[in-house]
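A short worksheet on the structure shown next.
The values are calculated or read from the model by the stated rules, or taken from the named source; none is laboratory data. In this text, all values refer to a predicted model and were calculated from it rather than measured experimentally. Cβ placement follows ideal geometry from the backbone for every residue including glycine, while neighbour counts extend to all protein chains displayed. For accessibility, only protein heavy atoms count, side chains too; no ligands or nucleic acids. Shrake-Rupley method; radii C 1.70, N 1.55, O 1.52, S 1.80 Å.
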Amino acid sequence: YAHGGGGDCQIKYYINAKLTRPGMMNFDLKTTRPFMVSSTPMPPEAVPAFLQPSETKVSTCWCLGKGAMTLGATLDDTLIGRGESVRVGLALKNDSTATVDKISACVTEFVNWHAGGHSNNHKRKIAQVEFDLSSIHGVDKLDQAALKAVREAAAAGLSQTYEELYQQLAHGKQRSLLSISADARDSYAGAVLSVRHQLEVRLETACCVTNPSVQTIVRIGAPAPPPAVATPVLGQALPVATPVQTYLPIAVPVVNLPVAVPLSKDEKEAITTMPADWNSATV
């Protein structure tokens, strides 16, 4: 997985078979074969992510302020199968005098291992897509006068940046398709080796200018199995979906139960006194 100055690390699986043959001159037969171990397939239910808009101060050479940029993003599913595609959406507002040169979304694979006093790490991009700047709302930079007005509105608490970006993300108009490489490794966390994947949406500006970004962790593994489809039998009519009637629960009416009238003294004696000709003998 990871190689270089810190050493190499690989995880391999083998199956060994041995056939024992009795007798002095009969040698045992042995063979070894490698095999692949795959992760559990991704569940069919999507687990989306909402990366809340966050503001990043933009500066040149880490000291000359140029304003701020606010960026948020959405991901349709954070559990992605190898070779599958997922849609990424974004919303931004450029309240700075810096120019946005490129907007990209990528998934980076990080491999780390540590064993026997040795360690190493490796990373690579397994998916990347660039957005069309001409179709992104809020990407244009401000002039000095507009930047001053934005700062005064923020100081007075009149800024509606977060509300605007939330509406853009909710409508899902600024989206692009991100395809995961088919040879991506499965996400894995072990005692010696770990493989993790991170999605990053990034705004790239000029040299020595801040590049705002948002990140979230995603999980890569075997694709989810296709849904099972019933095969119709020749000559058999296909089932017709029957609409399900939904009934609202009806409250049970409260009914006053009758109350028994207390017995009088004479009535109690009448039901407890034995008749004169009563024979109490038991047969």
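The single residue among PRO225, PRO232 that is over 26 Å from the mean Cα position of the chain (by Cα) and at pLDDT below 90 turns out to be PRO232.
Being of a type in the set (Gly, Ala, Ser) and surrounded by 18 or more Cβ atoms within 10 Å (Cβ to Cβ) is true of SER96. Annotation for segment 90-99: at least one member residue is under 20 Å from the mean Cα position of the chain (by Cα) and either in contact (Cβ under 8 Å) with a residue 24 or more places away in the chain or at positive phi (or both).
Among the residues of segment 166-184, those identified as open to solvent by 40 Å² or more (accessible area, probe 1.4 Å) and in a strand (DSSP E or B) are ARG175, LEU177, SER179. Within segment 127-138, the set of residues being touching a Cys at 6+ places or on another chain (Cβ under 7 Å) and open to solvent by 60 Å² or more (accessible area, probe 1.4 Å) comprises GLN128 only.
Summed over segment 139-152, the residues that are open to solvent by less than 100 Å² (accessible area, probe 1.4 Å), over 10 Å from LYS66 (Cα atoms) and under 36 Å from the mean Cα position of the chain (by Cα) give a count of 2. Residue under question is ALA153, and the condition is that it be among the aliphatic types (A, V, I, L, M) and at pLDDT 85 or above; does it hold? Spelling it out, it is not the case that ALA153 is among the aliphatic types (A, V, I, L, M) and at pLDDT 85 or above. For the condition closer than 26 Å to PRO41 by Cβ and open to solvent by 80 Å² or more (accessible area, probe 1.4 Å), TYR188 qualifies. Scanning segment 20-43 for residues that are in a loop (DSSP other than H, G, I, E, B), open to solvent by 80 Å² or more (accessible area, probe 1.4 Å) and not aliphatic (A, V, I, L, M) returns THR20, ARG21, PRO22, PHE27, THR40.
In segment 44-65, the qualifying residues are those that are open to solvent by less than 50 Å² (accessible area, probe 1.4 Å) and at pLDDT 90 or above, and the one that is farthest from VAL100 (Cα to Cα) is ALA49. Can you confirm whether SER85 is under 18 Å from GLU109 (Cβ atoms) and open to solvent by 20 Å² or more (accessible area, probe 1.4 Å)? In short, yes.
The single residue among THR78, THR74, THR108 that is in contact with a Phe, Trp or Tyr (Cβ under 9 Å, 6 or more places away or on another chain) and in contact (Cβ under 8 Å) with a residue 60 or more places away in the chain turns out to be THR74. Within segment 118-126, not a single residue is free of Cβ contacts under 8 Å to residues at least 60 places away in the same chain, open to solvent by 40 Å² or more (accessible area, probe 1.4 Å), out of contact with any Lys or Arg (no Cβ under 8 Å at 6 or more places or on another chain) and not basic (Lys, Arg).
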